[in-house]
2 protein chains.
Amino acid sequence: MEIIRVPKMMREITKNLKIKSKTIAFVPTMGALHEGHLSLIKRAKDENDITVVSIFVNPIQFAPGEDYEKYPRDIDKDCEKLKNIEIDYLFLPDVNSLYPNGYSTYINVENLSDKLCGKFRPNHFRGVATIVCKLFNIVNPNRAYFGQKDYQQTLIIKKMVEDLNIDVEIIVCPTIREKDGLAMSSRNSYLNEIERKSATVIYKCLKEGEKLLKAKINPSEVSERIQNILKKEPVIKEIQYAGVFDPFTLEELKELKDVCLIAIAVKIGETRLIDNLLVNL
Amino acid sequence: MEIIRVPKMMREITKNLKIKSKTIAFVPTMGALHEGHLSLIKRAKDENDITVVSIFVNPIQFAPGEDYEKYPRDIDKDCEKLKNIEIDYLFLPDVNSLYPNGYSTYINVENLSDKLCGKFRPNHFRGVATIVCKLFNIVNPNRAYFGQKDYQQTLIIKKMVEDLNIDVEIIVCPTIREKDGLAMSSRNSYLNEIERKSATVIYKCLKEGEKLLKAKINPSEVSERIQNILKKEPVIKEIQYAGVFDPFTLEELKELKDVCLIAIAVKIGETRLIDNLLVNL
């Protein structure tokens, strides 16, 4: 595994590999790698000649007061995991090389960015779209891999790629879960023991919602029942959203559709957790 | 010359040429080609293996009430000129292929886009940045050529390319002028005979401003003198801006710098004309 820190060097490497007709896989991450990330990387390796993973905690997708400073960073442990899984390149840029003084260009995917998480995280998806576009321009991959846990993010990235004619195939991989159902997330490390145990309620709600939808219960009622379960859990300090949504527009569903998205965002203590499930009817 | 209308076909063509290590030049235009465009194309041909010209009147850079509908379009004449000059590919997409229903991704280069023309053309540079990024992603050129007449546009595109790590070299070519100094522009065709004659005052102001700056006259006074000349010209219905600006920030200059930008935007009758001059001191 080679570690590349300079954007222009990263670009030259993949450019030369593409001239040799190698296919490039790209897995952008913010580090603190867990089994979810590793599952993306394994799939990326399986489907391509060369695998590039980036680790970059992107400041412009955090709002003031969010957890940019305390976001978990453990580059040594991450490197060990990446070496074990045998990737080709780790792209590890610093903040100044991607956002030098005077940086001022932003990409906005309208409509989708204002829904769900976008309501609670101002400019979050603008930051996500911008960094992903930048990284794509640097790494120039054939395929890029994202986890379904960040469903709205995958939808916005696919929309950006389509709208801006970016020549990258976006591949969304299943959410990886702990044994008790909690979706893997770097932010799970923030939870204390009690919070960690209670956090399983999120997945329970998703599965309960799935059961109800399959029983043809109306989406509005399903949303209400999910919220009632969450409200009974004392460690949940805030329910940001919890319900049944259109998987393409992210609007609240009033009637059943062929595919329904159940999505939840809650604060457990100070920790914001999200999860979702696509239900085929 | 081959005419390509489908974005994916255009992309495949240049992708294959790049694998063969051909250098691709790209000249994006809105058609109604004049000597200014042709000078860009000649330079593009000289410096690269393959030359791609696009003609696309980009709806999202026109505000409501501007001249999108009546913008001059003469594709037959344009094709003839391009065949004569012997380019390789004309990319001629239709509006629906670039902005299908539900299109929603926009690129904003903050700060620079609000200055000068940006004050009078809401969302204009957002539209410019977005279409140029799209076209770059489709054509994937090594170098792209723009005229200095649209100075602010060139600055914004260079900033976008730098900020988003786009792998294209931006080359800005000198403004081409009529014998009497009027900058070539597709919009000159809107002018009636009297307006056309009076329009030369713009270049006269630029040259007068240059003379004054070289005589070390303070920029604020130079701006005032230019505006006074323009005010005396009865066909000028509106002076949107006219003065001396910082060529990097586009802020009004209070003191002389090594390089000063004199820039003017006026309405002659219903026709909006812009021009500029860089003055090295």
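Odds and ends about this structure:
- Residue within the stretch A:36-57 that is within 14 Å of chain B (Cβ to nearest Cβ), assigned to a loop (DSSP other than H, G, I, E, B) and surrounded by 17 or more Cβ atoms within 10 Å (Cβ to Cβ) present: yes
- Among the candidates A:LEU92, A:LEU116, A:LEU98, the residue that is on the phi > 0 side of the Ramachandran plot and at pLDDT 95 or above is uniquely A:LEU116.
- Residue check for A:ASP150: at pLDDT 95 or above and touching a Phe, Trp or Tyr at 6+ places or on another chain (Cβ under 9 Å): no
- Unique match (being open to solvent by 40 Å² or more (accessible area, probe 1.4 Å) and in contact (Cβ under 8 Å) with a residue 24 or more places away in the chain) among A:PHE91, A:PHE120, A:PHE125: A:PHE120
Each row is one residue, and each column tells you yes or no for (1) farther than 18 Å from B:PRO247 by Cα; (2) modelled with pLDDT of 95 or more; (3) not assigned by TED's automatic domain parsing to the domain that holds B:LYS267; (4) not acidic (Asp, Glu).
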site	(1), (2), (3), (4)
B:THR154	no, yes, yes, yes
B:GLU169	yes, yes, yes, no
B:GLY181	yes, yes, yes, yes
B:SER198	yes, yes, no, yes
B:VAL201	yes, yes, no, yes
B:LYS207	no, yes, no, yes
B:GLU210	no, yes, no, no
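- Filtered residue count, the stretch A:248-281, keeping only those that are among the small types (Gly, Ala, Ser) and more than 17 Å from A:LEU206 (Cα to Cα): 1
- Scan of the stretch A:148-207 for residues that are in contact (Cβ under 8 Å) with a residue 40 or more places away in the chain, farther than 30 Å from A:THR130 by Cβ and polar (S, T, N, Q), ordered by number: A:ASN192, A:SER198
- Candidates A:THR175, A:THR105 - the one that is within 10 Å of chain B (Cβ to nearest Cβ) and modelled with pLDDT of 95 or more: A:THR105
Yes or no, residue by residue, for (1) in contact with a strand residue (DSSP E or B) (Cβ under 6 Å, 6 or more places away or on another chain); (2) open to solvent by 10 Å² or more (accessible area, probe 1.4 Å); (3) over 26 Å from A:PHE62 (Cβ atoms):
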position	(1), (2), (3)
A:ILE202	yes, no, no
A:GLY209	yes, no, yes
A:GLU221	no, yes, yes
A:GLU233	no, yes, yes
A:ILE239	yes, yes, no
A:PHE245	yes, yes, no
A:ASP258	no, yes, yes
A:LEU281	no, yes, yes
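- Residues that are in contact with a strand residue (DSSP E or B) (Cβ under 9 Å, 6 or more places away or on another chain) and within 13 Å of another protein chain (Cβ to nearest Cβ) were ranked within the stretch B:135-154; the one that is most open to solvent (accessible area, probe 1.4 Å) is B:ASN140.
- Qualifying residue in the stretch B:75-91 (condition: touching a Leu at 6+ places or on another chain (Cβ under 6 Å), within 14 Å of chain A (Cβ to nearest Cβ) and not in a helix (DSSP H, G or I)): no
- Considering B:LYS216, B:LYS211, B:LYS231, the condition of being closer than 30 Å to B:TYR71 by Cβ and among the basic types (Lys, Arg) is satisfied by B:LYS231 alone.
- Per-region count, the stretch B:40-76, residues of a type in the set (D, E, K, R) and over 26 Å from B:THR23 (Cα atoms): 7
- For first residues located in the stretch B:252-276 and without any contact (Cβ under 8 Å) to a residue 40 or more places away in the chain, partners that are in a loop (DSSP other than H, G, I, E, B) and surrounded by 18 or more Cβ atoms within 10 Å (Cβ to Cβ) and lie 6+ apart or on another chain with Cβ distances below 7 Å form the pairs B:VAL259/B:PRO247.
- Which numbered condition B:ALA144 fails, given (1) touching a residue at least 24 places away in the same chain (Cβ under 8 Å); (2) part of a helix (DSSP H, G or I): (2)
- None of B:LEU164, B:LEU98, B:LEU112 is farther than 20 Å from B:GLY36 by Cα, within 9 Å of chain A (Cβ to nearest Cβ), surrounded by fewer than 21 Cβ atoms within 10 Å (Cβ to Cβ) and hydrophobic (A, V, I, L, M, F, W, C) except B:LEU98.
- Inspection of the stretch A:77-86 identifies no residue that is under 30 Å from B:LEU17 (Cβ atoms) and either touching a Ser or Thr at 6+ places or on another chain (Cβ under 9 Å) or at pLDDT 95 or above (or both).
- Only one entry in B:LYS8, B:LYS42, B:LYS20 is assigned by TED's automatic domain parsing to the domain that holds B:ILE75 and either in contact with a Gly (Cβ under 6 Å, 6 or more places away or on another chain) or modelled with pLDDT under 95 (or both), namely B:LYS20.
- For the stretch B:1-35, the set of residues classified as within 13 Å of another protein chain (Cβ to nearest Cβ), of a type in the set (D, E, K, R) and in a helix (DSSP H, G or I) consists of B:LYS8, B:ARG11, B:GLU12, B:LYS15, B:LYS18, listed by residue number.
The values are calculated or read from the model by the stated rules, or taken from the named source; none is laboratory data. Just so it is clear, the structure is predicted and the values come from calculations on it, not from any experiment. Ideal geometry is used to build each Cβ from the backbone, glycine not excepted, and the neighbour counts take in all protein chains shown. Surface areas here come from the heavy atoms of the whole protein model, side chains and all, with no ligands, DNA or RNA. Shrake-Rupley method; radii C 1.70, N 1.55, O 1.52, S 1.80 Å.
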